[in-house]
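To start, the structure under review is shown below, and the notes come after it.
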Amino acid sequence: MVAPPPGKSPHLAKLEQLPLAEVFEPSHLELLAQIASQEDYAAETTLFRPGDEAQWFYAVVSGRVSLTLQVPGRAPTIVASLSRGDLFGWEALRVDSRRDITAVASKATQCLRCSGAALRELCELDHELGYRVMSHAFDRVARDLSDCRVRLVDMYGQGC
Amino acid sequence: MSARLTHDGFRRLLEQVREAGYALVGPTISDGAIVYGPIAGADDLPIGWTDEQAPGRYRLRERGDRAHFGYVLGPQGPRRQLTPPVETLVRIRLGPRREQGPRTPEGVEAADEDGEPLALIGLRACELAAMAVQDAVWTGGPFVDPRYARRRERALIIAVDCLEPGELCFCVSTNTGPGVEAGASFDLRLTELGEEFLVEVGSERGQALIDGLGELAEPSTAQLFAARTQGVLAAAMELHGRERQLDLDGLPELLFANLDHPRWDELAARCLSCGSCTLVCPTCFCHRVEERAPLDAPTSERVRHWDSCFTDEHSRIHGAQFRPQIRERYRQWMTHKLGAWVSQFGTSGCVGCGRCIAWCPVGIDITEEVAAIRAAPVAPDDAEPVALPPATTVPALAGDPMHPQLARVVSVREELREVVTLAVEPVGVFSHAPGQFNMLGLPDVGEVPISISGQAGGELLHTIRAVGAASRALVALEAGDRLTLRGPFGSAWPLAELRGHNVVVIAGGLGLAPLRGALREMVAHPERYPSVRLLYGARSPEELLFADEILSWDRSIRFAPTTAPAVLESGHVKVHVTVDGAAPGWTGHVGVVTKLMRRKPLSAHARYLVCGPEIMIRFVLRELETIGVAQDQVWLSMERNMKCAVGMCGRCQYGPHFICKDGPVFRWDAIAGLLGREGF
Ligand SMILES: Cc1cc2nc3c(=O)[nH]c(=O)nc-3n(C[C@H](O)[C@H](O)[C@H](O)COP(=O)(O)OP(=O)(O)OC[C@H]3O[C@@H](n4cnc5c(N)ncnc54)[C@H](O)[C@@H]3O)c2cc1C
Ligand code: SF4
Ligand code: SF4
Ligand code: FES
């Protein structure tokens, strides 16, 4: 178990207000806040592109981020939008991974972000924290996956 | 009153019936079977013949006597006469052919074919029971089919007791025979005793006929009565002692609790899905409605045809087939006949005649199938009973529910690609409740159910997507054109019940159309509906229906596409929209509607209205379940193939419910057991 460092991070208050705060102990939140930074993006700022090194892991505080797929020969399509409380940039949790999608702030947006390497290190050092990060991440990814499956059936396509 | 008739007396009786203006219908030999059809008199009866029946087998044999009713049952009873296999409902006068667009109607006429009244000769106890079941279907309300009602009312019935039940009969276990009960619906009841008949009078009409026979009608004797009693009792005892029985006790519950029984698979391996059982069964009533529109004729006809739940079209809607497998079709037939029938019509749909056993080419025996499930049920003993359909709250239309009116298209508004809203002006006062639907039709393509998506003054709005023949033709109509309209039908959104509650409306795609009327009402009345939230999902921003209007309801909305002024803004309405995918520039939500539900904290205490494709409804309900919303707080609208909209064609059945009259709007708990279950 890693002891929270003395002095509170200025991002703690923001982190505490996000839904993810419910799954962490206060001491864990303090640790996470220590490695987080706050970023403000003007509308239409690109956060990352396919091929970029997956460095950061994000939580949306306000605004909206759209994830866009670009397939050569086809018009780009927004396939997901993320707003307050949503986490994105999962790739950063894996070592040496790259982005495969474009993330753009579709309006003025504030995020908390932390480096994937720092987060992985923290998880390594404190397995309890690591377990919670991973199980929370799993919960979100599983839901996303289930939503994707639902979309495969084109749910508004048929009938009335 | 009673009498005794000899063969001569009986012959004279039929002559008299004929002279009284009735068309005689009775058993006669044709094509190697006893067929129920037109006869000229007593000589046409199968005198001296009987029929031997076994599973998958039927054949005639000479008896060696002069018995007039010495056979059991032909493949069909009077169903063919009371609900003809092909029947014209209305004739539609056609407007002139146009260069473009569908042919439109100019007038609608009833197809009154009031022929001679029928005299139905030789009906067995089980056939009277079957007729009582058909009475419930066609005249039991809330709608009444005037054609059936009139034929039935005018028909003279001469019933006959069964003293020699057939091999496949099991009427004792369904309590529908073998004797014709004194209270049954007959004018005369015959008991054939050797060379004589004992006649019991059941009506004034019957009495008049007996009186008319004069001396040919002799007084009945105590011996004849005793012989009848003994004969019927002996027949009943014999039936009682047989192995073939149908135990009706708790049967609906048993069947609906065993929808996944392995027996259905075994059955499916044998059943050919030929539909013979449904054609010979005297209580089956499913039909389809078609347009008979000769290319150059000045009129077209809307025609009803017998149909079977074993056909593909029966359970198909555009883009979906609800019973693709034989297993599901047979299960539908049997769970309907022996299960759902009880809650729909207050009686089992089986009268124990055994026809479906004799005429099944592979000899499937309904009693055996039930016995097999009963012997080894897979469901626990305390299985949920079948939900009874809610009482239909909508008042029935007076007159012929199949007779449409001619409505005029006032305007056509293009909503989306291939989706238009037709504003139509019906004739006379038309009142409906949001959630109800109309049957809209055109001569060449027939009628389809379309929800009423709003009412503006005297105009009814219908928002239609062009998917197949009928919807395409409707979408191609222009202002000034006419179309046929029947309605309103079905249940409505429970607006009164929602008063004072927070309401969340969840819609997908065109599913917003049936909800718009209810939303407009709630938007206009903040004092009744303190908080209304609409969560709406569509494929793409271009496919958002009524975008301008719904966005105008929520004054906090800033993003496009808003062009209309916020006319109804009131602050109590919140609108959240999501799409499956969008081009860059869209700043709204992207993701399925269930994701949107997770994003907007929803209350476990709110009331929920849900409409959209069934797959969406199912995912939405799953999400509501996780939030802890109780089933009695949620209403949803269902869709199945529809032809009549009044509970008579059998197509829209959903377990014990008719979606056309018990729905389309159901409270979740009424259909929770069936939702998402394959084959319904
Ligand atoms: C209660 C109810 C309300 C509806 N409201 C609307 C609405 O507001 N707007 C709209 O665009 N559509 C609505 N539909 C669906 C609409 O009825 C079908 O799209 C239409 O019947 C398709 O007929 P078609 O001839 O164009 O297609 P085809 O695929 O050629 O259909 C052939 C036949 O199958 C039956 N059928 C096919 N699809 C359906 C279906 N979905 N429901 C019932 N019967 C069907 C009809 O008898 C039709 O004549 C509603 C359906 C129901 C049951
Ligand atoms: S189900 Fe079979 S036995 Fe029962 S009434 Fe119909 S045809 Fe007769
Ligand atoms: S049960 Fe027999 S009669 Fe009925 S559809 Fe199957 S094969 Fe045909
Ligand atoms: S029974 Fe005919 S549409 Fe419902």
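The values are calculated or read from the model by the stated rules, or taken from the named source; none is laboratory data. This one's a predicted model, so the numbers in the text were calculated from it and none came from an experiment. All Cβ positions, glycine included, derive from the backbone under ideal geometry; neighbour counts span all protein chains shown.
Points to keep in mind about this one:
- Only listed residue being in contact (Cβ under 8 Å) with a residue 24 or more places away in the chain and either within 16 Å of ligand 2 (Cβ to nearest atom) or away from chain A (no Cβ under 14 Å) (or both), chosen from B:Gly241, B:Gly250, B:Gly275, B:Gly319: B:Gly275
- B:Pro541 vs. criteria more than 10 Å from chain A (Cβ to nearest Cβ) and more than 15 Å from B:Trp635 (Cβ to Cβ): no
- Taken over segment B:217-238, the criterion of being of a type in the set (Gly, Ala, Ser) and touching a residue at least 60 places away in the same chain (Cβ under 8 Å) is satisfied by B:Ala217, B:Ser220, B:Gly231, B:Ala234, B:Ala235, B:Ala236.
- Flag for B:Arg607 being at pLDDT 90 or above and under 20 Å from B:Trp493 (Cα atoms): yes
- Answer from B:Arg152, B:Arg80, B:Arg147 - the residue that is assigned to a helix (DSSP H, G or I) and either among the small types (Gly, Ala, Ser) or within 16 Å of ligand 4 (Cβ to nearest atom) (or both): B:Arg147
- Of the strands (runs of 3 or more DSSP E) contained entirely in segment A:41-160, those carrying at least 3 residues that are more than 14 Å from chain B (Cβ to nearest Cβ) fall at A:56-62, A:109-115.
- Against the numbered list (1) closer than 25 Å to B:Gly585 by Cβ; (2) in contact (Cβ under 8 Å) with a residue 60 or more places away in the chain, A:Leu119 comes up short only at (1).
- Among the candidates B:Arg618, B:Arg640, the residue that is within 14 Å of chain A (Cβ to nearest Cβ), within 16 Å of ligand 1 (Cβ to nearest atom), not in a strand (DSSP E or B) and not hydrophobic (A, V, I, L, M, F, W, C) is uniquely B:Arg640.
- Of all positions in segment B:52-74, none carries a residue that is out of contact with any Asp or Glu (no Cβ under 9 Å at 6 or more places or on another chain) and surrounded by 19 or more Cβ atoms within 10 Å (Cβ to Cβ).
- For B:Leu233: the one exception among (1) touching a strand residue (DSSP E or B) at 6+ places or on another chain (Cβ under 9 Å); (2) farther than 30 Å from B:Cys649 by Cβ: (1)
- Of the residues making up segment B:16-40, those that are among the hydrophobic types (A, V, I, L, M, F, W, C), in contact (Cβ under 8 Å) with a residue 40 or more places away in the chain and assigned to a strand (DSSP E or B) are B:Ala23, B:Leu24, B:Val25, B:Ala33, B:Ile34, B:Val35.
- Top-ranked residue of segment B:584-611 - restricted to ones that are touching a residue at least 24 places away in the same chain (Cβ under 8 Å) and in a helix (DSSP H, G or I), ranked as surrounded by the most Cβ atoms within 10 Å (Cβ to Cβ): B:Val593
- Looking only at residues in segment B:256-301 that are within 13 Å of ligand 3 (Cβ to nearest atom) and either touching a strand residue (DSSP E or B) at 6+ places or on another chain (Cβ under 6 Å) or among the small types (Gly, Ala, Ser) (or both), the one that is farthest from B:His657 (Cα to Cα) is B:Ala269.
- If you go through segment B:441-469 and pick out every residue that is within 16 Å of ligand 4 (Cβ to nearest atom) and within 23 Å of B:Leu519 (Cα to Cα), you end up with 3.
- Residues (among the polar types (S, T, N, Q) and in a loop (DSSP other than H, G, I, E, B)) located in segment B:83-105: B:Thr83, B:Gln100, B:Thr104
- Residues in segment A:31-54 that are crowded, with 16+ Cβ neighbours inside 10 Å and of a type outside the set (Asp, Glu): A:Leu31, A:Leu32, A:Ala33, A:Gln34, A:Ile35, A:Ala36, A:Tyr41, A:Leu47, A:Phe48, A:Ala54.
- Hits in segment B:571-583 (condition: at the interface with chain A (Cβ under 7 Å from one of its Cβ atoms) and assigned to a strand (DSSP E or B)): B:Ala582
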